[in-house]
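The values are calculated or read from the model by the stated rules, or taken from the named source; none is laboratory data. In this text, all values refer to a predicted model and were calculated from it rather than measured experimentally. Here the Cβ positions follow ideal geometry from the backbone for every residue, glycine too, while neighbour counts run over all protein chains shown. What goes into the accessible areas is simple: the full protein's heavy atoms, side chains included, and nothing from ligands, DNA or RNA. Shrake-Rupley method; radii C 1.70, N 1.55, O 1.52, S 1.80 Å.
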Amino acid sequence: MKSAGLRVFLICLIFSVGLNLSYGEEPKKTNKFREREASDDSLGYPNIDEDALVNSKCSKHLELRWQTEVSSSIYATPLIADINSDGKLEIVVPSFVHYLEVLEGSDGDKMPGWPAFHQSTVHASPLLYDIDKDGSREISLATYNGEVLFFRVSGYMMVDKLVVPRRKVKKNWYVGLDPEPVDRSHPDVHDDQIVLEAELEKSVHQKSGNNTNHSDTISTEDERKLNGSQIGIDIKLPASGNDSSVNISSVGTETNGSQIGIDIKQPASVNDSSVKISSVGTEINGTSTGRRLLDDNNSKGSQESESKSTSKEDTPVVTVENEGGLEADADSSFELLRDSDELADEYNYDYDDYVDETMWGDEEWKEGQHEKLEDYVNVDSHILCTPVIADIDKDGIPEMVVAVSHFFDHEYYGNSENMKELGDIDIGKYVASSIVVFNLDTKEVKWTAELDLSTDSANYRAYIYSSPTVADLDGDGYLDILVGTSYGLFYVLDHHGNVRRKFPLEMAEIHGGVVAADINDDGKIELVTTDTHGNVAAWTVHGEEIWETHVKSLVPQAPTIGDVDGDGHTDVVVPTISGNIYVLSGRDGSIVRPYPYRTHGRVMSQVLLVDLSKRGEKAKGLSMVTTSFDGYLYLIDGATSCADVVDIGETSYSMVLADNVDGGDDLDLIVTTMNGNVFCFSTPVSHHPLKVNRNGGHLIKVEIMLPIGTTVKTTLLVPGNYQGERSIRQSQIINSPGKHRIKLPTVAVRTTGTVLVEMVDRNGLYFTDEFSLTFHMYYYRLLKWLLVLPMLGMFAVLVILRPQEAMPLPSFSRNTDL
């Protein structure tokens, strides 16, 4: 009896499963990273106890050395380098709007010839590269408008530049696209597999619709949340026995503040019935697309609904127009402005007397002419992160790897004159991402890898906010390119631009960079990614998950790797916008106690790990240095989580930098803010520079400490009047750990130079360092003193041996009575 009942149950179960499959109710594949929420971001920040913060028991004794204000806000992290090879460090600051500035590290004064003007905004940090092969490195700056500019050390902007080409996209690529793609593991929307799966899913849904009322199916489709997107859908229906025609000319739904009209027609044909949604319209207020690290879907939807509700005709609108005349008293108050000729001399300001506009260019950026194509659209290129310079294919020529976001800027094309060139396209339908690699010798594009494609109103958009990472993952000597996109995909590309097997991996929006490091101390490289839903995941180089942790808050920047608490194991430091700073174990992703450390505002910058132990003090672990949106600079002891704070009163997106910028023997901290201020704080910590010794003017001895299996390439860059090879290179493989000395030949002329040390360890991680030096400068100084000192010595002898009492001069006169 029981067996018969079991058979009946199994038959019913199989029948129900088959029925669900026939009706298209197969459950969709879910992604655990996207299902989670950054729940801590909705919580408030704790109240600041200023007395407790300032009166810390673990003071780091910071002192403000100098402070300088630049022309505008600072989003990107500055560059500390000796740009003119004078042995002194400068700070290259990329202000957000129009200017690149260089400050003296000793006192914060602006270098002569700076700031340099350009027409764009900047989201990227500056880099150094000798683009014209003259032995002197130029400052390269990637701009929002898709150009990489080069500036000489004098502040002159060179004619040479790299221009990222636009991406060609099919004009109607989004027609037939679901609000949520079928399978996000396929990055290319033109993939045939996606098309087949989409058609299959739609046909299954429509089969189930034939057994019910057509209006029910249409209403179900209308109830989907479209996030304000415009959708054009072409749906093929299976052949039906009846000769019917459906014409629904006016169907409207309100979805997240977007009005949608649908026109569905079914031709009267037995073998080829179709439903065509021919017109779908939406009204969305155009917004400027820029850096959107703080945006989330909820705030976006609320803003759109607010904008929609306030645009109704019956809502009163506040304007500055006044159709009536002013009262007598109010009108008389403007007499001072009308009679400008009667103003005193101190109020008469002639702009031309103080500003020479010929030294600046036009601030208004103008996009180049778009190629007219009937079925395609050329989407503008924008750079929202810092490029990477490295020789990825072992051809001896460095390449620049640029992560590019393609879209039409809503603010720029909000101008009707600029919009005329594009025609009648919807600029919100085209958002894409690519990796573009330039050959820095020819300054031409070497190859382009097209990644994601989306609309601007989708849940996941195809921007790239984080810089690419280069590392040799498979040990073949070629560098791979690692990058995450806000579309939620983590890519690994080889040196030809091909996506490696098992990639891309799927997460939520990725805003921080991908970290490649040995985090579990197994001697192999691992990959660490984070996303906006609070997920932190570690992967093998083959794309297999090692561990993952949910920190419940958006992670805006890449993690930092180091032994924070001094226990001998590598940790992962993760900043979040909830104000929590997490320290995770590199072995299993568990939270290291007593962390997380709680600040009182968003932490939007990458955390700096540095040893801030005092002279003679053997401290355990490292210190974490970062800023928070509560206006404080935090210096957190890694072993105890005890924090010292400095009230800077400003917010910051850029990472804190540490170096000896003032030429002393202590370590300095450089902090930049959204108000355009640059702070230099001195610490009581001694700085350990790279040891450099001169040996007889013929060889340079570089002493470095390296692990086993490291390839070291040293390059001597010689500018000035030297007539020989401007770059003297030498490469060797270090087979034993410890200290090693590398000897480089010098030049026989009086000049300056820069030694660039590049290192690639056995895990394929790339490191670089540099220092400046002079040739034969001290010889001329010595020669000067060799000439001056004998003269000074003779003068001293004459002064010493001069008679002390007055004596008559000898006389040769015969008159002895005189």
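Scanning the range 516-540 for residues that are out of contact with any helix residue (DSSP H, G or I) (no Cβ under 8 Å at 6 or more places or on another chain) and open to solvent by 20 Å² or more (accessible area, probe 1.4 Å) yields a total of 7. Specify the residue that is farthest from the chain's Cα centre (by Cα); the eligible residues are those in the range 508-563 that are small (Gly, Ala, Ser) and part of a loop (DSSP other than H, G, I, E, B). By that ranking, first place goes to Gly523. Among the candidates Gly135, Gly176, Gly105, the residue that is open to solvent by less than 60 Å² (accessible area, probe 1.4 Å) and in contact with a Ser or Thr (Cβ under 9 Å, 6 or more places away or on another chain) is uniquely Gly135. Among the residues of the range 371-425, those that are of a type outside the set (A, V, I, L, M, F, W, C) and outside any loop (DSSP other than H, G, I, E, B) comprise Tyr376, Asn378, Ser381, His382, Glu399, Ser405, His406, Ser416, Glu417, Asn418.
A residue that is of a type in the set (S, T, N, Q) and open to solvent by less than 20 Å² (accessible area, probe 1.4 Å) cannot be found anywhere in the range 382-404.
Report, by residue number, each residue of the range 440-473 that is assigned to a strand (DSSP E or B), under 26 Å from Asp393 (Cβ atoms) and open to solvent by less than 20 Å² (accessible area, probe 1.4 Å). Please lay out each step first, then the result.
Residues of the range 440-473 that are assigned to a strand (DSSP E or B), as a first pass: 444-454, 469-471.
Remaining after also requiring under 26 Å from Asp393 (Cβ atoms): 444-452, 469-471.
Passing the criteria: Ala449, Leu451, Asp452, Val470, Ala471.
Taking first residues from the range 579-591 that are assigned by the TED database to the domain that holds Arg602 and within 19 Å of Pro46 (Cβ to Cβ) and partners that are among the basic types (Lys, Arg) and buried (at least 19 other Cβ atoms within 10 Å of the Cβ), the Cβ contacts under 8 Å between residues at least 6 apart in sequence or on separate chains come to Gly579/Arg602.
Let's see how each residue does on (1) surrounded by fewer than 14 Cβ atoms within 10 Å (Cβ to Cβ); (2) touching a Phe, Trp or Tyr at 6+ places or on another chain (Cβ under 6 Å); (3) among the charged types (D, E, K, R):
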| position | (1), (2), (3) |
| --- | --- |
| Lys60 | no, no, yes |
| Val70 | no, no, no |
| Ser73 | no, yes, no |
| Ile80 | no, no, no |
| Glu90 | no, no, yes |
| Met111 | no, no, no |
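Please identify the pairs in which a residue from the range 148-171 that is surrounded by 15 or more Cβ atoms within 10 Å (Cβ to Cβ) has its Cβ atom under 7 Å from the Cβ atom of a residue that is acidic (Asp, Glu) and not in a strand (DSSP E or B), counting only partners at least 6 apart or on another chain. Within 7 Å, the pairs are Arg166/Asp380; Lys170/Asp375; Lys171/Asp375.
Restricting to the range 474-507, name every residue that is part of a strand (DSSP E or B) and among the charged types (D, E, K, R).
Residues of the range 474-507 part of a strand (DSSP E or B): 480-484, 489-493, 499, 505-506.
Within the range 474-507, Asp480, Glu506 meet the criteria.
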